[in-house]
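Each remark here refers to the structure printed beneath this line.
The values are calculated or read from the model by the stated rules, or taken from the named source; none is laboratory data. Everything quoted here is computed from the prediction, not taken from an experiment. Every residue, glycine as well, gets a Cβ built from its backbone with ideal geometry; the counts of neighbours run over all protein chains shown.
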Amino acid sequence: MGSTLFGSGYVLIGLMQEMVSRSWLSPGDLLNTLALGQITPGPLLTTATAAGIPGAVLSTVGIFLPSFIFAFFVAGLLHRWQEHPIAEAIFQGASGAALGLIAWALWLLGRETLVGWAELLAALLALGLLLRQFPLIPLLGIFGLGGTLWSAWVVG
């Protein structure tokens with residue numbers, strides 16, 4: 001999977017949904033790993049690491065090693081072919097496919113997280129603030145605190 005991933009780490013969400021459908025990962029676990037991937041400095045792809053330290057090491061090596069090997073051997077060829085019309089068409093098609101997978105991932109995440117009016121309202125408010133260029137770090141802090149308080153109020 002790591003050697004063929006094209007686009008951003010969000011493409012991985014659609015692929016990880018297979019883990020949920022096989023009951024290797026619960027929908028809540030998938031959301032938690034994605035949240036963890038968002039707050040860590042590494043790529044979102046690291047959310048695929050699971051099953052304790054051995055599983056994390058194995059899955060991290062399995063994700064990153066093939067793509068490094070692939071990039072090492074193919075980078076020169078891709079650079080030479082980037083002006084070729086057929087290669088350009090392939091890259092555009094792959095970009096479209098990646099965009100489709102990202103849209104699918106957005107749908108899956110929305111279906112799992114926007115389960116009530118409060119969640120939908122918070123998502124729309126956050127989107128509106130982002131579109132108005134509200135600084136990201138304070139936005140994350142505000143919504144993180146708000147989510148914590150909301151959970152404490154609803155659950156507790």
Among the helices (runs of 4 or more DSSP H) lying completely within the range 79-156, list those that include at least 2 residues that are at pLDDT below 85 and under 19 Å from the mean Cα position of the chain (by Cα).
85-113
Report the residue count in the range 49-96 for those that are surrounded by 10 or more Cβ atoms within 10 Å (Cβ to Cβ) and either touching an Asp or Glu at 6+ places or on another chain (Cβ under 6 Å) or within 23 Å of T33 (Cβ to Cβ) (or both).
17
Mind checking which residues of the range 78-109 are within 25 Å of V20 (Cβ to Cβ), small (G, A, S) and in contact with a helix residue (DSSP H, G or I) (Cβ under 8 Å, 6 or more places away or on another chain)?
A98, A105
